[in-house]
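Student: Before I ask anything, here is the structure I am working with.
The values are calculated or read from the model by the stated rules, or taken from the named source; none is laboratory data. Just so it is clear, the model here is predicted, and its values are computed rather than measured. Methodologically, a virtual Cβ is constructed for each residue, glycine included, from the backbone with ideal geometry; neighbour enumeration extends over all protein chains shown. Each accessible area value is taken on the protein alone, full model and side chains, heavy atoms only, with ligands, DNA and RNA left out. Shrake-Rupley method; radii C 1.70, N 1.55, O 1.52, S 1.80 Å.
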Amino acid sequence: METDTILIIGAGGQLGTELTAELRAIYGNANVIASDIQAPRPEQLEEGPFEQLNAMDALKIASIVDQYKVTQIYLLAAILSAKGEQNPKFAWDLNMQSLLNVLEIAKEKNLDKVYWPSSIAVFGPNSPVNNTPQHCVMDPNTVYGISKQAGERWCEYYFQKYGVDVRSLRYPGLIGYKSLPGGGTTDYAVDIFHKALNSEHFECFLAEDAYLPMMYMPDAIKATIDLMQAPSENLSVRSSYNVSAMSFSPKEIYEAIKKHHPDFTISFKPDYRQKIADSWPNSMDDSIASKDWGWKPQYLLEDMVADILENIPAYHY
Ligand code: AKB
C-alpha cells in the first residue's frame with residue numbers, strides 16, 4: 001500500500017485540477033492535500049483536504065507539511081509567459097520565491113520527492129528551432145522563461161548539493177478541456193475549442209503559421225506521474241526533461257476542428273504574444289526522456305481534437 005502524502009501547491013490551476021484528481025485516484029483522497037491561493041469551491045472541499053495557501057508563504061507551507069506529514073510536494077503555482085510580461089518583477093518574485101521555499105523545506109524536512117514544472121519557454125531566439133535538444137544554447141527573453149531557466153539550475157543545485165530528489169518536465173503548451181489556462185502564449189489552443197462549441201468566430205492572437213510544441217492533458221498527466229514514479233537511479237537529468245507530443249500552427253488546429261464544425265470561422269490578429277511564440281522551439285527532442293523513463297505520447301492533433309470535441313459538451317455545456 002502507498003504511504004506517500006502529497007501536497008499540491010496551485011491545485012486549482014489548469015494542470016493542478018487534473019493532476020490532483022489523478023493523484024487522488026492513485027494515492028487516495030485523504031493522502032493528497034490540495035492547496036491554492038484562491039478560496040476553495042464547495043466541490044473542492046468535498047473531494048479531499050484543501051488548504052488556502054500563498055506559495056510565497058514559506059512558514060505556512062512548512063506548517064502544512066508538518067500537520068499532514070507530507071512526503072512529496074508538487075509546486076504548480078506560477079505566473080505564465082504572457083501574464084509575466086505585464087508585471088515582470090512580480091512574476092520573477094513569485095516563480096523564484098515559491099520554488100526556493102519548496103526546495104528549502106524539502107531539504108530541511110527531508111522530503112522524499114519534489115515536482116516542479118519547467119517549460120519550452122527556457123529556450124530562446126538562439127536555441128535550435130527544430131527538434132530542440134535537451135542541452136543547447138538557452139537565451140529565454142521572457143521573464144517567465146528566465147525564471148524557469150533559473151529554476152532548473154536551482155533544482156539541479158539542490159539535487160547535487162543536498163540530495164533533494166526534485167524532478168521536472170519542460171512542458172510544451174498544455175491543452176485540456178476540464179479547466180482553463182491563464183496567462184500563457186499557448187492558451188489560444190484551448191480557447192479555440194470553446195469558440196467552436198459556442199458557434200462563435202475565433203480571433204487568434206498568434207499568426208496562422210505560429211508553429212509550437214503542444215501536448216494533450218492526459219499525456220501531460222501521464223508524463224508527470226511516470227517521471228515521479230521512476231526509480232531515482234534511472235534519471236540522468238536533474239534540471240528538467242524535454243518532453244514532446246505534437247506540434248501545430250493555429251491554422252492547422254483550426255482546420256482539424258473545422259472538420260467537425262464546418263461553419264467555424266477564424267481570423268488572425270497577432271499581438272505581443274507572437275514575439276514570445278517566435279522565440280520558442282517548433283519541436284522538441286525528447287529522446288532522453290524516452291530512454292530514461294520510457295516516455296511516449298499517445299495523442300496527436302487529430303486524436304486530441306476528436307477527443308476534446310466529444311467530451312467537452314458533457315463537461316461544460
Ligand atoms: C505558456 O504559454 O506560457 C505556457 C508554457 C508553454 O509554458 N503554456
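Student: Is at least one residue of the stretch 216-237 on the phi > 0 side of the Ramachandran plot, open to solvent by 50 Å² or more (accessible area, probe 1.4 Å) and more than 16 Å from the ligand (Cβ to nearest atom)?
Tutor: no
Student: Something else about it: Of the residues N110, N95, only one is open to solvent by 40 Å² or more (accessible area, probe 1.4 Å) and at pLDDT 95 or above; which?
Tutor: N110
Student: Does N126 satisfy the criteria of being within 30 Å of S287 (Cα to Cα) and open to solvent by 50 Å² or more (accessible area, probe 1.4 Å)?
Tutor: For N126, the condition - within 30 Å of S287 (Cα to Cα) and open to solvent by 50 Å² or more (accessible area, probe 1.4 Å) - is met.
Student: Then there's this: When you scan the stretch 133-140, do you find a residue that is more than 16 Å from the ligand (Cβ to nearest atom), touching a helix residue (DSSP H, G or I) at 6+ places or on another chain (Cβ under 6 Å) and on the phi < 0 side of the Ramachandran plot, even just one?
Tutor: yes
Student: Could I ask something else about it? Output the residues belonging to the stretch 178-197 that are surrounded by 19 or more Cβ atoms within 10 Å (Cβ to Cβ), of a type in the set (D, E, K, R) and more than 14 Å from the chain's Cα centre (by Cα).
Tutor: Selection gives K195 alone.
Student: Just for strands (runs of 3 or more DSSP E) wholly inside the stretch 130-204: which have at least 3 residues that are within 19 Å of Y115 (Cβ to Cβ)? Before the answer, list the steps.
Tutor: On the way: elements: 169-171, 173-175, 202-204.
In the stretch 130-204, 169-171 are the strands (runs of 3 or more DSSP E) which contain 3 or more residues that are within 19 Å of Y115 (Cβ to Cβ).
Student: Still on this model: Could you please let me know if K89 is among the basic types (K, R) and buried (at least 22 other Cβ atoms within 10 Å of the Cβ)?
Tutor: no
Student: Here is a follow-up. If a residue counts only when it is buried (at least 21 other Cβ atoms within 10 Å of the Cβ) and free of Cβ contacts under 8 Å to residues at least 60 places away in the same chain, which strands (runs of 3 or more DSSP E) contained entirely in the stretch 9-81 have at least 3 such residues? So that I can check it myself, show each step before the final result.
Tutor: Working: elements: 32-36, 50-52, 72-75.
Once the strands (runs of 3 or more DSSP E) in the stretch 9-81 are filtered for at least 3 residues that are buried (at least 21 other Cβ atoms within 10 Å of the Cβ) and free of Cβ contacts under 8 Å to residues at least 60 places away in the same chain, what remains is 32-36.
Student: Same structure, new question: I'd like the full set of residues that are of a type in the set (S, T, N, Q) and within 14 Å of the ligand (Cβ to nearest atom), limited to the stretch 107-126.
Tutor: S118, S119
Student: Related question: E208 versus (1) under 30 Å from F90 (Cα atoms); (2) part of a loop (DSSP other than H, G, I, E, B): which is the lone unmet condition?
Tutor: Unmet condition: (1).
Student: I've got another one for you. Do you know which of the residues in the stretch 247-279 that are away from the ligand (no atom under 14 Å from the Cβ) and in a helix (DSSP H, G or I) is nearest to the chain's Cα centre (by Cα)?
Tutor: Among residues in the stretch 247-279 that are away from the ligand (no atom under 14 Å from the Cβ) and in a helix (DSSP H, G or I), the one nearest to the chain's Cα centre (by Cα) is I253.
Student: Could you list all residues from the stretch 190-214 that are farther than 15 Å from L15 by Cα and in contact with a Gly (Cβ under 9 Å, 6 or more places away or on another chain)?
Tutor: Selection gives L212, P213.
Student: Yes or no: the stretch 291-311 includes at least one residue that is open to solvent by less than 30 Å² (accessible area, probe 1.4 Å), β-branched (V, I, T), away from the ligand (no atom under 16 Å from the Cβ) and within 24 Å of S119 (Cα to Cα).
Tutor: yes
Student: Okay, next question. Within the stretch 79-105, which residues are more than 15 Å from the ligand (Cβ to nearest atom) and of a type in the set (G, A, S)?
Tutor: Listed by number, the list holds a single entry, S98.
Student: Here is a further query. Return a yes/no flag: does the stretch 90-98 have any residue that is on the phi < 0 side of the Ramachandran plot, of a type in the set (A, V, I, L, M), part of a strand (DSSP E or B) and under 18 Å from the mean Cα position of the chain (by Cα). Full working, then the answer.
Tutor: To start, the set of residues in the stretch 90-98 that are on the phi < 0 side of the Ramachandran plot comprises 90-98.
From what is left, the residues that are of a type in the set (A, V, I, L, M) are 91, 94, 96.
With the extra rule that they be part of a strand (DSSP E or B), the set shrinks to none.
Within the stretch 90-98, not a single residue is on the phi < 0 side of the Ramachandran plot, of a type in the set (A, V, I, L, M), part of a strand (DSSP E or B) and under 18 Å from the mean Cα position of the chain (by Cα).
Student: Looking at S244, S283, can you tell me which residue is touching a residue at least 12 places away in the same chain (Cβ under 8 Å) and open to solvent by 30 Å² or more (accessible area, probe 1.4 Å)?
Tutor: Matching residue, one of S244, S283: S283.
Student: So in the stretch 148-186, with the set limited to residues that are among the hydroxyl-bearing types (S, T, Y) and more than 11 Å from the ligand (Cβ to nearest atom), which one is nearest to M284 (Cα to Cα)?
Tutor: Among residues in the stretch 148-186 that are among the hydroxyl-bearing types (S, T, Y) and more than 11 Å from the ligand (Cβ to nearest atom), the one nearest to M284 (Cα to Cα) is S168.
Student: Confirm whether D209 is within 16 Å of the ligand (Cβ to nearest atom), in contact with a helix residue (DSSP H, G or I) (Cβ under 9 Å, 6 or more places away or on another chain), open to solvent by 10 Å² or more (accessible area, probe 1.4 Å) and on the phi < 0 side of the Ramachandran plot.
Tutor: The answer is no for D209.
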